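Below is one structure, written out as structure tokens, with a few remarks after it.
The values are calculated or read from the model by the stated rules, or taken from the named source; none is laboratory data. The structure displayed is predicted, hence computed values, not measured ones. Here the Cβ positions follow ideal geometry from the backbone for every residue, glycine too, while neighbour counts run over all protein chains shown. Each accessible area value is taken on the protein alone, full model and side chains, heavy atoms only, with ligands, DNA and RNA left out. Shrake-Rupley method; radii C 1.70, N 1.55, O 1.52, S 1.80 Å.
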Amino acid sequence: GDMHKPYGELPNMVYVIDPEGTVIYRCDWAFPKNVEKVLSNRDKIETNEHVSIITAPLHIMIPVVLRGGWNALWDLAIVLPVLTLQHLFFNLKNKTRGSS
């Protein structure tokens, strides 16, 4: 927690640091394809720090949260309204694209 809190407290953050100690990539979420892209071109500092996500399906999310204990359940309760809006917006945007 001592390092996690100052860097944003998201559950799956990623930092890629080169041998000289320079942060060449940081992101809200550790998506393997994004990390692979950064690692394949370590000379460039990647500035895409925020990745829009749609969370895991409920049949995956609920068991994970329950294993995480009360703090994880509380975190989910806080973020659930935002997740719901993200899902609605994502679905609306995709329906609009499909109709053109």
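Restricting the range 16-56 to residues that are more than 24 Å from residue 85 (Cβ to Cβ) and among the hydrophobic types (A, V, I, L, M, F, W, C), the residue that is modelled with the lowest pLDDT is 45.
Scan the range 57-100 for residues that are assigned to a loop (DSSP other than H, G, I, E, B) and either surrounded by 11 or more Cβ atoms within 10 Å (Cβ to Cβ) or at pLDDT 80 or above (or both) and jot them down. Hit for the range 57-100 is 69, nothing else. Taking every residue in the range 75-94 that is of a type in the set (A, V, I, L, M) and pairing it with any residue that is assigned to a helix (DSSP H, G or I) and open to solvent by less than 80 Å² (accessible area, probe 1.4 Å), at least 6 positions away or on another chain, the pairs with Cβ-Cβ distances below 6 Å are 76/65.
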